Amino acid sequence: MKNQDLVYLEQEADNFFDRNEYDFDKLLDRKKNLIDHFSEYLGSQKIDTILEIGCHIGDLLNYCVESFNSSRGYGIEPSIKAIEEGRKRFARNCSLFHGLVGSDKTMENIPSCDLVVVNDVFCWISRESIFRSIANIDERLNSGGHLIIRDFLPPKKIRNQNKHVSDQEVFCHKIVGSHAELFKQTGNYQVISSKIFTDSDLDLTKTKEYDLSENTWVDILLKKTWA
Ligand SMILES: C[S@@+](CC[C@H](N)C(=O)[O-])C[C@H]1O[C@@H](n2cnc3c(N)ncnc32)[C@H](O)[C@@H]1O
């Protein structure tokens, strides 16, 4: 079996792009909501540079740069199709890089940043590279900087096979407390604000039968500081 990060890099990230085309001229409300919920607080902070992990075409990253009057956004994304689409649209504000957050070589392109955004990505990262991925994010985030995460918040850990991939093991990993917990437990990240919601609130689910507890989410804003 291939490592799931490689499956993303070689096929699934582009397949995800193909399956999820929308009007790229309009930022989806559910993406915009993630930032708007924290923007009153973040508007009072100095946010010069921004990094988004799993940035797709970079539309949310571009929105962040404009919202916070930042000088530049940096995005990492394993879909080359998404990167090419984003480079055509957002080159003025954003530098987009093809690759994985767990790759030190890819992350060499990224300067230190004041804000990192990780929207629905941690669950798709292999367990082999999750600590490397977290270390790479922590290394790029300035002390006193902020981290926004949207992730699942299940009552017990669970992993489900990605139903779009049949020939490889590719899991969606949901962990107790969300992946924000891995940052919080260092003692060096403090919760500024959070919001809990379900798939039905965001109209994400197309099926009537689904387990609410498995599909509960958290949007969380952390500050990188000990105190
Ligand atoms: C559910 S999508 C979310 C995309 C985007 N953040 C959004 O909210 O529209 C998950 C994204 O994570 C990316 N991804 C998966 N594994 C990754 C990894 N190891 N490093 C960086 N991005 C990854 C995928 O290519 C995909 O764009």
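Taking one quarter of the surface of the convex hull spanned by the alpha-carbon atoms of segment 94-134 gives a direction-averaged projected area of 3.3 nm². Amide H contacts under 5 Å for Val116: Leu51, His146, Leu147, Ile148, restricted to partners 5 or more places along the chain or on a different chain, H placed in the peptide plane at 1.01 Å from N. Other residues with beta-carbon under 10 Å from the beta-carbon of His146 carry, at +1 per Lys or Arg and -1 per Asp or Glu, a net charge of +1. Distance between the pseudo-spin-label points of Ile80 and Asp14 (7 Å out from Cα toward the beta carbon): 0.6 nm. Straight Cα distances below 28 angstrom link Lys2 to the lysines Lys81, Lys105, Lys156, Lys157, Lys163, Lys174, with same-chain residues fewer than 8 positions distant left out. Here the extension length gained between Arg89 and Ser67 equals 6.2 nm, from 0.36 nm per residue of separation less the Cα-Cα distance.
If R0 is 41 Å, the Cβ-Cβ spacing of Lys156 and Lys46 corresponds to a FRET efficiency of close to 0.55. Of the Cα atoms belonging to segment 141-196, the radius of gyration and Dmax stand at 14.3, 43 Å.
Of all aspartates and glutamates in the structure, the ones whose alpha carbon falls short of 14 Å from that of Lys46, not counting any fewer than 8 places away in one chain, are Glu66, Asp114. Restricting attention to the chain, close to 50% of DSSP beta bridges with both partner residues there are antiparallel.
Restricting the calculation to alpha carbons of the chain gives Rg and Dmax of 16.5, 48 angstrom.
Translational diffusion of segment 93-218 was estimated from the Stokes-Einstein equation, with Rh taken as the Kirkwood radius over Cα pairs; at 37 °C and 0.692 mPa s the coefficient is 205 µm²/s.
Values in this text are rule-based calculations from the coordinates and carry no lab data. What you are looking at is a predicted structure, and each value in this text was computed from that prediction instead of being measured. Every residue, glycine as well, gets a Cβ built from its backbone with ideal geometry; the counts of neighbours run over all protein chains shown.
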